[in-house]
């Protein structure tokens, strides 16, 4: 429908023609955010400070222009103080910038002006997670899961699944994502998280193979097919040849040039994952960097901490420990409103603390090593039995470090 509307746009009145063009380039098959931004800026220049401002902010946040996107949503709220979308965006953009106090104030204002809005629970969860208040997130999740509203129950289940993964409780995570209130968009994603936590094994490799084989790519819209997640999961369980084959399948099956252009960054990131699995960390470094830049030369997406995490892993594999430490620390220090999502902090932060404890100890920085060992032990204190040997090893390291730190 969007393609036909765009094809015949010259038959439309000027205002409608511009609207169709913006939709086609911004959210439709045209996939050209530069043209979408130009169209939205033209609308704003003619006085549309409500809808156009919000939509322009949505384009800019993907380029990590968070401050400008924030100001656009503030502008929209001045025009329409009951714009719930602008309120929600504002909270997320403030969290993207690490402005946690401001996000809390925005949420409080939001609740006063629009008490009937359904997604307060989700926003509260984002805020509490950004503060590191995991017990408070769990309490909120349990409350949301008792809600009569299905959307809130799903938010609660998602939060609890994230906390289970963060705590190394994979069985609990599996039970939650299998529940009727789960909002798992792709089983491949959770197979990937298991692979990231457990590392390669024959059993996990078989599980990933099974999940990938059961995924009916042909029935999915081309833009929704999980080629890159599947390739990454296969790479994480040590099956680089199958991962390469999945990327070749993508190249053979996806012929839409605008889609391939829009997905080029994600393709490079997936190639980086495969290169890591093949023992080519320098290639991975190059591909991960390419994966952070879109076709227009701007940041590929909103996720500022994603590149540091990938670079850290590649530097670590290359034996460049100083660079690995710097990038792991940068991930921890870089805000992103979606860090509560399973693929972000829940699967990454325990591994980062565990590895930083080891790297700092090797560097002779006993205080930092102990700090990260303690953080890892605290997160995984109730982890599944198969993960407890790693916790025990961290405790042994910490005991040794504590003995070294004690005055003689």
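General remarks:
- With respect to the conditions (1) within 20 Å of the chain's Cα centre (by Cα); (2) on the phi > 0 side of the Ramachandran plot, residue 267 falls short on a single one, namely (2).
- Helices (runs of 4 or more DSSP H) contained entirely in the range 1-70, each with at least 2 residues that are more than 32 Å from the chain's Cα centre (by Cα) and more than 20 Å from residue 298 (Cα to Cα): 2-7, 14-26
- For residue 208: the one exception among (1) within 25 Å of residue 332 (Cα to Cα); (2) part of a helix (DSSP H, G or I); (3) within 22 Å of the chain's Cα centre (by Cα): (1)
- Considering the range 282-397, there are no qualifying helices (runs of 4 or more DSSP H) wholly inside with 3 or more residues that are buried (at least 21 other Cβ atoms within 10 Å of the Cβ), out of contact with any helix residue (DSSP H, G or I) (no Cβ under 6 Å at 6 or more places or on another chain) and at positive phi.
- Number of residues in the range 254-281 that are touching a residue at least 40 places away in the same chain (Cβ under 8 Å), outside any loop (DSSP other than H, G, I, E, B) and surrounded by fewer than 21 Cβ atoms within 10 Å (Cβ to Cβ) equals 4.
- Members of the range 86-98 found to be surrounded by 20 or more Cβ atoms within 10 Å (Cβ to Cβ) and within 13 Å of residue 126 (Cα to Cα), listed by number: 88, 89, 90, 91, 92, 93, 94, 95, 96
- Residue 83 more than 28 Å from residue 166 (Cα to Cα), crowded, with 20+ Cβ neighbours inside 10 Å and free of Cβ contacts under 8 Å to residues at least 24 places away in the same chain: no
- Qualifying residue in the range 113-121 (condition: surrounded by 21 or more Cβ atoms within 10 Å (Cβ to Cβ), outside any helix (DSSP H, G or I) and over 18 Å from the mean Cα position of the chain (by Cα)): no
Read-outs: derived from the displayed coordinates by stated rules, not from any lab. A quick note: this is a predicted structure, and the numbers were derived from the prediction, not measured. Note that we place each Cβ from the backbone using ideal geometry, even for glycine, and neighbour counts take in every protein chain shown.
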